[in-house]
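Notes for the one structure printed next.
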Amino acid sequence: MSMNVIETSGLAKRYGRTWALRECTLAVPAGHVAALVGPNGAGKTTLLNLAVGLAAPTAGLVTVLGGRPPGSPAALDGIAFVAQDTPLYKNLSAGDMLHLTRNLNRRFDREYAQTRLAELGIPLNRKAGRLSGGQQAQLALTLALARRPKLLVLDEPVAMLDPVARHDFMATVLTAMADDGVSVVLSSHVLAELERVADYLILLSRGRVQVAGEVDGLLATHRVLTGPAAEAGDYAERLSVVHARRGEAQAHLLVRATAADPVPPGWEAHPVGLEELALAYLREPGAAALPGPARARALPLETGPLETGEPSEVTR
Amino acid sequence: MSPLYSDQHLRVSDAERQAVTDRLAEHFAAGRLDPAEFDDRVGRAMSAKIRADLSGLFAGLPETGAPAAPELARGGGGTPGDAPRGTGSPIEFRLDAASGVPTYLQLVHQVEHALRLGYLKPGDQLPKVRDVVASLAINPNTVLKAYKELETKGLTAGRPGQGTFIQATLSQVALPELTGLRKTLLGWLTTADGAGLDQDGIVALFTSALRDFYERRSGSRTRGGAASGETEGVA
């Protein structure tokens, strides 16, 4: 379980004159659903394409499944990738797609695929293009899972789906995780839904890694402090504040602190959710929290009253 | 004898009374009952002895969740949760995304709640991790974390290859006492309503008083309790 399913160091990718990804150093441990979150153009798809071997880095290193180069036979066998908008040959029937995928891969669990499609009520003789959006997504996912991967990579898997189809899609993914221990890396904009799905968070912003770590650890080391706006400036200097929202009288500070840290008198501390945490960091592209196994640049620590027990870096 | 009335003389179980009051509370929370109506109907539910006493409690209200009659009829004197679902567990989890409570804690709370209300008894099996994952689309690690927490609390025990089972009960307050407490609380609610507090205000006041109460009792308070003076009367 201590294997890293994706590991990068100084990874960069340039398209023409644009850097899609820069100085990306991170490690995604196995056994998690890791969510790759960031605004459009942050480099999510680029990072995933580099990891599955669909693109070659301009600089830096990327390995998968415990040190293997992307695109190597072992990596290809062990990783299944479902790209954005679930690519299928629209004119082939579900049965033909199944046949094709089976013949294009060394490992393919045909029985799983057939059983799963039957459970989903997807007729084998129907053309992929005539299936509903949810069924197309499930078909692509079933074909990916039938390869019995160790790592499932999903690029914006649910963006186009309605709520029921989303739920069913994620249920299939997570059940595969419960059954076979497949690790999952997925990119998504839909922050609210990640809360129940993801237990590892990677926040990308402008081509750089801003946050990477286990969700539980991140939530346990961040709080929201609510108190008089007049004092906010004072505390902002003493506490390590990620993001501040101020009204005339009241201010909310999202700070790096645990439940055990003292709360200033007259202030209230609240636990923070994944969505609130992600939004705060996305609004402050300068802030970073990298408690995960990856250690990025060794920046001087801003000393604060933090006892997180984990190595952490704070830049403001 | 018409089948419609055949079960009306059956005695009502505590769990059934609880289910009925829970659903009344739902209607109350949704603003479909005013405090006086709510008070009255809960009072009738708590003092109901047979099924017939429960009829009419939902008069003029839309149905929530499961319809009243079939749900009660299926209870048959036992707990309402024993309807066969094939999952091997008497309970089913649900999630409230808007509650702000971490997912694993919601699962923990639901097991504790089910224990208090008698839906779960020692020896009962919790839903299998895979089934919870498949029905709620949540991370398996989250379910495992919840089950580990329950085990740490001594409420459950894992049996390798079989699943997780209840092994302890939570202290349950006897029904007469519960009825009394509910009555006191309803009285307080009427006072609060009369003082002009709306529902959210009442919830906020109660929550803050509850927190103060437990924080004071555990003595772990580190800062002065500013606005706690006027909330004494609650507990």
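The values are calculated or read from the model by the stated rules, or taken from the named source; none is laboratory data. Since this is a predicted model, take the numbers as computed values, not measurements. FYI the Cβ positions are ideal-geometry reconstructions off the backbone, even for glycines, and counts take in every protein chain you see. Keep in mind that these areas ignore ligands, DNA and RNA; they rest on the heavy atoms of the full protein, side chains included. Shrake-Rupley method; radii C 1.70, N 1.55, O 1.52, S 1.80 Å.
The table that follows gives values for the structure above.
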| quantity | calculated |
| --- | --- |
| Förster radius 56 Å - calculated FRET efficiency between A:Asn125 and A:Arg14 (Cβ-Cβ, nearest 0.05) | 0.75 |
| Solvent exposure ordering (accessible area, 1.4 Å, most first) of B:Ile138, B:Ile50 | B:Ile50, B:Ile138 |
| Heavy atoms of A:Glu23: accessible area, 1.4 Å probe, square angstrom to 10 | 100 |
| Förster radius 45 Å - calculated FRET efficiency between A:Arg246 and B:Thr207 (Cβ-Cβ, nearest 0.05) | 0.95 |
| Approximate spin-label separation B:Lys121-A:Ala229, in nm, with each point projected 7 Å along Cα-to-Cβ | 5.9 |
| Nearby lysines by direct alpha-carbon distance to B:Lys49 (threshold 25 angstrom, same-chain neighbours under 8 apart not counted) | B:Lys121, B:Lys183 |
| Reachable lysines from A:Lys90, criterion Cα separation under 28 angstrom, eight or more residues apart if same chain | A:Lys44, A:Lys127, A:Lys150 |
| Phi-based couplings in Hz for the range A:59-64 (Karplus 6.51, -1.76, 1.60; Gly and Pro marked x) | 8, x, 10, 9, 10, 10 |
| Separation between Cα centres of the range A:229-268 and the range A:35-110, rounded to whole Å | 43 |
| Pair A:Met160, A:Arg238: separation of 7 Å Cα→Cβ label points (nm) | 5.4 |
| Shielded by partner chains, the range B:141-173 residues - at least 30 Å² of accessible area, 1.4 Å probe, vs chain alone | B:Asn141, B:Lys145 |
| Heavy-atom accessible area ranking, 1.4 Å probe, most first, across A:Arg245, A:Arg102 | A:Arg245, A:Arg102 |
| Candidate lysines - alpha carbon under 18 Å from B:Lys128, same-chain residues fewer than 8 apart omitted | B:Lys145, B:Lys148 |
| Delta accessible area of at least 20 Å² on complex formation, residues of the range B:88-108, 1.4 Å probe, chain isolated as reference | B:Leu95, B:Thr103 |
| In Hz, Karplus ³J(HN,Hα) per residue of the range A:117-129 (6.51, -1.76, 1.60; θ = phi - 60°; x = Gly, Pro) | 5, 5, 4, 7, x, 8, x, 5, 8, 7, 5, 3, x |
| Average other protein chain Cβ within 10 Å of Cβ, residues A:116-126 | 0 |
| Computed log₁₀ I(q)/I(0) - Debye formula, equal Cα scatterers, no solvent, the range A:4-214, q 0.10, 0.19 Å⁻¹ | -0.41, -1.41 |
| Packing-based order for A:214-220, B:180-186, using average beta carbon neighbours within 10 Å, highest first | A:214-220, B:180-186 |
| Sulfur and carbon atoms: percent of accessible area, chain A [1.4 Å] | 51 |
| Solvent-accessible surface (1.4 angstrom probe) belonging to A:Met170, in square angstrom, nearest 10 | 20 |
| Between A and B, accessible area buried - total, square angstrom, nearest 100, 1.4 angstrom probe | 1400 |
| Inter-label distance for A:Ala171 and B:Lys148, nm, one decimal - labels placed 7 Å from Cα along Cα-to-Cβ | 2.7 |
| Antiparallel DSSP beta bridges within chain A, as percent of all bridges there, nearest 5 | 65 |
